[in-house]
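Below is one structure, written out as structure tokens, with a few remarks after it.
The values are calculated or read from the model by the stated rules, or taken from the named source; none is laboratory data. Since this is a predicted model, take the numbers as computed values, not measurements. Counting neighbours? That spans all protein chains shown, and the Cβs are built from the backbone with ideal geometry, glycine included. Note: areas computed on protein heavy atoms with side chains; ligands, DNA, RNA excluded. Shrake-Rupley method; radii C 1.70, N 1.55, O 1.52, S 1.80 Å.
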Amino acid sequence: MQDYFKIFGLKRQFDINPEKLDDAYFELQRQFHPDVFKNSKQNEAEAMQKSALYNLAYKTLQNPQKRAEYMIGDEKLEASPELLMEMMELRESGNVDDVKKEIAKLYKQFAKTEDKETFVRIKYLSRFIEESKN
Amino acid sequence: MLLQIHEPGETPLPHEEEVAVGIDLGTTNSLVAISREEKPQIIGDILPSVVTINGKEIHSIKRRMNNPVEKVEGQTPVEISAEILKILRLQAEDALGKEVKKAVITVPAYFDDTQRSATKDAARLAGLEVLRLINEPTAAALAYGLDKSVEGIYAIYDLGGGTFDISILRMKKGVFQVLATGGDTHLGGDDFDAEIAKITGCNVLEARKKKENAELDFDDAIMPLVQKTIEICKAALSDAELSANDIKGVVMVGGSTRVPLVQKLVEGFFGTKPLTDINPDEVVALGAAIQAEALTHGSNNLLLDVIPLSLGLETMHDIVEKVIYRNTPIPCSYEQEFTTYENDQTGMIIHVVQGEREMVADCRSLAKFELTGIPPMPAGVARIKITFNVDADGLLTVSAREEKTGIEQKIEVKPSYGLQPEQVEKMIRDSMENARTDMEARLLQESKTEAERLLNSLKLYLERYNLTSAEHESIISIVKDLERELQGSDRAKIDDLREELNHKTETLAQKIMDGEIKKVLEGKKVDEI
């Protein structure tokens, strides 16, 4: 499978330039979107596969959590009991803004370390934010 | 004289055969337009979307496209829509003096798979090849963006006779990228008229006249409906991870945006005066015409659209596993792996649904088919890969494949009309309102599924491997407790018993490990196998 960062000519690192991602994505879709092949003899099905792949890759890299998850890969995520306790306390304090601040801090850390544990924290706290929206 | 040289096979077709029109198939009115060199124009007059059958006038047939098999005056909504499209085709042929066989047809962004397929079927019946179905607000953005040469993030607020759409788009260097979309396929001017008729005691047509002539103050009557559209705008902004002040302008599309209260509330919410410098009735057809030209002659512009509603599969106990989330750009392709739930299970029902809710019954059922011929294996061993492909029209194809044997089954999703019309429109709103109870129900079902899976594999292994009678008895007693709890709804109890059973079965796993499949099972408990 093609590396998503490579597809858009980006370095494989958490901090990306969103504008660069957009521009590369648009450029690829200009070449492979099915609309472009509508009136041509070239293989529309193959173009569609590519277009779909670029859409998926773009959506993955565009969103910080999905981008981090992609970088971690398929490894099984496990949370230590200590980490769970810590996260639970933060959640129980119930302050959405505090949690958001913590998440922002964790992303900064993840950009440096790209480690699994930081990601587990991010994932856990993000779920709390999602749930608090309901 | 200069000769034009083309690559073999790439010779453009003669222009005579290249006529492709854009059609706005509306709830109240329909239009056809054509574009040359990105200069679109309406062909002929606006056509009321009314068909007379057996002397009876059929109005607003578009609102019935979510149930395309339910007949009206002996004809299906698809057939009736085809009548309207036929008239538009003839109108275009008369004006252009040649045959028209190809069209781009617009649909509300919030149309689901069923409504889109039905629209495409109607076009085929009317003798039109659909080059592309495009979303109404996206078409409007294309026409507006090109006409006014604007760039940046815009909202298209599209309130027609029967449907409401909001799309948040980014326009940048000829790319029209939809960031998020939302809507209600049963909210429009028709509903305003019905409310006004209720308070004035006159019929709907008289009410419409009163509304259009601004004969009375009916703000109170329609306030809840307009408020509803604002709520949908709010949700779409949140999906796009934007706030109202990120929006550079709000383009007003659809006849119902002429209602002063609509303009007032839209301005209040977005904090900017809505853009009304285009004809709200024509802009969708004009955009469709531009896209029709682009698809036949090429273009420097590109539309990147999204799917409006999530697509998923039914898993155990009526839970929906989402495979593609709403607002994913199209075309797209996603894979998801599933496994068998019972020992020696040879078939698997694949039920495809669309909607935002957690339980199958609350989503629209799109298709159901069976993957057969899975070779007998213990529960959880088969690897069934299900692929969803959504094309550029927003239409879905699903295929299923058992990875171990390569058995494959593919279907093009055809609607199975599992939902009543009123249910479809409410899907996202309900999913917000019911998220918490849904989540509880889902967690409970998941716990039950887990427990049942454990019980199932346990039974198989208990038969195969000998335990001491003391071990056996203590396991059986927990099994009985767990089976009893599975009839109830106490999630914590089920989880506790499952956990306990899991610990007890460590010995069993040990024995299995010493047995035939040692390598595979090392270090695992029974429920991880």
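Of all residues in segment B:309-328, which are open to solvent by 30 Å² or more (accessible area, probe 1.4 Å) and within 14 Å of chain A (Cβ to nearest Cβ)?
Listed by number, the residues that qualify are B:LYS322, B:TYR325, B:ARG326.
In segment A:37-54, which residues are at the interface with another protein chain (Cβ under 8 Å from one of its Cβ atoms), in a helix (DSSP H, G or I) and either at pLDDT below 80 or open to solvent by less than 70 Å² (accessible area, probe 1.4 Å) (or both)?
A:MET48, A:SER51, A:ALA52, A:LEU53
Check segment B:274-281 and report whether any residue there is over 29 Å from B:ILE43 (Cα atoms) and at pLDDT below 95.
Initially, segment B:274-281 is screened for residues over 29 Å from B:ILE43 (Cα atoms), giving none.
Within segment B:274-281, none of the residues are over 29 Å from B:ILE43 (Cα atoms) and at pLDDT below 95.
Counting just the residues of segment B:338-390 that are aromatic (Phe, Trp, Tyr) and more than 15 Å from the chain's Cα centre (by Cα), which one comes out farthest from B:THR449 (Cα to Cα)?
Checked segment B:338-390; the qualifying residue farthest from B:THR449 (Cα to Cα) is B:PHE369.
Out of the residues in segment B:234-265 meeting the condition of being open to solvent by 60 Å² or more (accessible area, probe 1.4 Å) and assigned to a loop (DSSP other than H, G, I, E, B), tell me which one is nearest to B:LYS210 (Cα to Cα).
B:LYS248
Within segment A:53-61, is even one residue touching a Cys at 6+ places or on another chain (Cβ under 8 Å) and in the same structural domain as A:ALA24 (by TED's automatic domain parsing)?
Pass one, segment A:53-61, residues touching a Cys at 6+ places or on another chain (Cβ under 8 Å): A:55-56.
Among the residues that remain, those that are also in the same structural domain as A:ALA24 (by TED's automatic domain parsing) are: A:55-56.
Looking for residues that are touching a Cys at 6+ places or on another chain (Cβ under 8 Å) and in the same structural domain as A:ALA24 (by TED's automatic domain parsing), one finds at least one in segment A:53-61, hence yes.
Hey, does segment B:141-156 have a residue that's crowded, with 24+ Cβ neighbours inside 10 Å and under 19 Å from the mean Cα position of the chain (by Cα)?
Scanning segment B:141-156 turns up at least one residue that is crowded, with 24+ Cβ neighbours inside 10 Å and under 19 Å from the mean Cα position of the chain (by Cα).
Could you please find all residues in segment B:157-186 being among the polar types (S, T, N, Q) and surrounded by fewer than 24 Cβ atoms within 10 Å (Cβ to Cβ)?
Answer for segment B:157-186, where residues must be among the polar types (S, T, N, Q) and surrounded by fewer than 24 Cβ atoms within 10 Å (Cβ to Cβ): just B:GLN177.
Could you list all residues from segment A:60-82 that are without any contact (Cβ under 8 Å) to a residue 40 or more places away in the chain, under 15 Å from A:LYS123 (Cα atoms) and more than 14 Å from chain B (Cβ to nearest Cβ)?
The answer is A:GLY73, A:SER80.
When segment A:102-119 is examined, which residues are found to be out of contact with any Lys or Arg (no Cβ under 6 Å at 6 or more places or on another chain), open to solvent by less than 50 Å² (accessible area, probe 1.4 Å), free of Cβ contacts under 8 Å to residues at least 24 places away in the same chain and in a helix (DSSP H, G or I)?
A:GLU102, A:THR118
I'd like to know if segment B:329-336 contains one or more residues that are among the charged types (D, E, K, R), more than 30 Å from B:ILE42 (Cα to Cα) and within 12 Å of chain A (Cβ to nearest Cβ).
The answer is yes, given that some residue of segment B:329-336 is among the charged types (D, E, K, R), more than 30 Å from B:ILE42 (Cα to Cα) and within 12 Å of chain A (Cβ to nearest Cβ).
Looking at segment B:377-401, which of its residues are more than 14 Å from chain A (Cβ to nearest Cβ) and either touching a Ser or Thr at 6+ places or on another chain (Cβ under 6 Å) or within 23 Å of A:ALA45 (Cα to Cα) (or both)?
Matches in segment B:377-401: B:ALA379, B:GLY380, B:ALA382, B:LYS385, B:ILE386, B:VAL398, B:ALA400, B:ARG401.
Inside segment B:62-85, can you point out the residues that are out of contact with any Asp or Glu (no Cβ under 9 Å at 6 or more places or on another chain) and either surrounded by 21 or more Cβ atoms within 10 Å (Cβ to Cβ) or on the phi > 0 side of the Ramachandran plot (or both)?
Result: B:LYS62, B:MET65, B:GLU73, B:GLY74, B:ILE84, B:LEU85.
This table checks each residue for (1) under 18 Å from B:GLU241 (Cβ atoms); (2) open to solvent by less than 90 Å² (accessible area, probe 1.4 Å); (3) assigned to a helix (DSSP H, G or I); (4) more than 14 Å from chain B (Cβ to nearest Cβ).
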{"site": "A:LEU90", "(1), (2), (3), (4)": "no, yes, yes, yes"}
{"site": "A:ASP97", "(1), (2), (3), (4)": "yes, no, yes, yes"}
{"site": "A:LYS100", "(1), (2), (3), (4)": "yes, no, yes, no"}
{"site": "A:ARG121", "(1), (2), (3), (4)": "no, yes, yes, yes"}
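Among the residues of segment B:142-198, count how many are in contact (Cβ under 8 Å) with a residue 40 or more places away in the chain, within 14 Å of another protein chain (Cβ to nearest Cβ), of a type in the set (A, V, I, L, M) and not in a helix (DSSP H, G or I). Explain how you work it out, then say what you get.
Taking segment B:142-198 and keeping what is in contact (Cβ under 8 Å) with a residue 40 or more places away in the chain, we get B:142-144, B:146-148, B:150, B:152-168, B:174-190, B:192.
The next check asks that each one be within 14 Å of another protein chain (Cβ to nearest Cβ); those that pass are B:142, B:152-153, B:174-180.
This time we only want the ones that are of a type in the set (A, V, I, L, M), so: B:142, B:153, B:175, B:178-180.
Next, from what is left, pick out any that are not in a helix (DSSP H, G or I): B:153, B:175, B:178-180.
So the count comes out to 5.
Determine whether B:ILE168 is closer than 21 Å to B:ILE330 by Cα, among the aliphatic types (A, V, I, L, M) and more than 16 Å from the chain's Cα centre (by Cα).
Taking the combined requirement at face value, the residue satisfies it.
Here are the criteria: (1) free of Cβ contacts under 8 Å to residues at least 24 places away in the same chain; (2) within 14 Å of chain B (Cβ to nearest Cβ); (3) of a type in the set (A, V, I, L, M, F, W, C); (4) outside any loop (DSSP other than H, G, I, E, B). Tell me which single one A:ALA57 does not satisfy.
(1)
Can you tell me which residue is modelled with the lowest pLDDT among those in segment B:457-473 that are in a helix (DSSP H, G or I) and open to solvent by 40 Å² or more (accessible area, probe 1.4 Å)? So that I can check it myself, show each step before the final result.
Just the residues of segment B:457-473 that are in a helix (DSSP H, G or I), to begin with: B:457-464, B:469-473.
Cutting the leftovers down to open to solvent by 40 Å² or more (accessible area, probe 1.4 Å) gives us B:459, B:463-464, B:469-473.
Working: B:LYS459: 77, B:GLU463: 72, B:ARG464: 68, B:SER469: 74, B:ALA470: 75, B:GLU471: 75, B:HIS472: 79, B:GLU473: 81.
Residue satisfying both the conditions and the ranking: B:ARG464.
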